[in-house]
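Following: one structure in structure tokens, then a few remarks.
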Amino acid sequence: MKYVPIVISLLALCLSVFTFYWVQLRIKHKLHLVRIDKVEEFDIPIFALVNSGTKDVLITSVVGWFKHSDAQGSTSPSQRVEIGEKSSMLLKASTAVQCRITFLEEFTKSFVTSGKLREGSTPDIYEFKFMVEIGWVDSQAHSHKARAEIAKYGFSEDRGIRMFSPLEAKHDLYKKS
């Protein structure tokens, strides 16, 4: 009986150490970009940023790019980026926010013809891979930037979007940074 208080004290100490580790030291960084496909809105890229980590992250930039056929060049058209419904760019742990990129100007003919010509298409379709570049700062004051290819777009010579082909649906941004 004289060892019971010692055993209880040791169990309490172990539980306290485990709790301290679990809450303060175990930091899991996970930020994903998940493509959202809406058939009626294929010309507006929509995706979610999902913070499945244990600490908050601050989103610092979101930009959409079209990769040219030569894989060396890219174009970032004039765009409006909508991130969630609030003005804060802080993404709390275990939350997600929806993002939309709206193109503000018509595409130029020189842009369209810089894409890869799709074989066998009538009329001619020029393809571009569309990627999103995300910048963020994590809870350890590290700045990160990553790109994720989310779709392939096809443009006709009249500068309209004629094709949308989704690529990989989920991207682990920490692995790409």
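The values are calculated or read from the model by the stated rules, or taken from the named source; none is laboratory data. Values in this document were obtained by computation on a predicted structure and should not be read as measured data. With ideal geometry, Cβ positions are generated from the backbone for all residues, glycine too; neighbour counts draw on all protein chains shown.
A few notes on this one:
- Extreme residue, modelled with the highest pLDDT, among residues of segment 115-134 that are in contact with a Gly (Cβ under 7 Å, 6 or more places away or on another chain) and not aromatic (Phe, Trp, Tyr): Val132
- The C-beta contact set for segment 96-121 (first residue more than 15 Å from Ser76 (Cα to Cα), second residue among the polar types (S, T, N, Q) and at pLDDT below 90, distance under 8 angstrom, 6+ apart or interchain) comprises Lys116/Ser69; Leu117/Ser69.
- Matching entry among Ile59, Ile83 (being in contact with a Cys (Cβ under 6 Å, 6 or more places away or on another chain), surrounded by 12 or more Cβ atoms within 10 Å (Cβ to Cβ) and more than 23 Å from Met163 (Cβ to Cβ)): Ile83
- Where Ile83 falls short, out of the listed (1) without any contact (Cβ under 8 Å) to a residue 12 or more places away in the chain; (2) within 12 Å of the chain's Cα centre (by Cα): (1)
A quick yes/no check of all residues on (1) at pLDDT 90 or above; (2) aliphatic (A, V, I, L, M); (3) in a strand (DSSP E or B):
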| position | (1), (2), (3) |
| --- | --- |
| Gln140 | no, no, no |
| Ala146 | yes, yes, yes |
| Phe155 | yes, no, yes |
| Phe164 | no, no, yes |
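- The conditions of being loosely packed, with under 14 Cβ neighbours inside 10 Å and either in a strand (DSSP E or B) or basic (Lys, Arg) (or both) are not met by Thr122.
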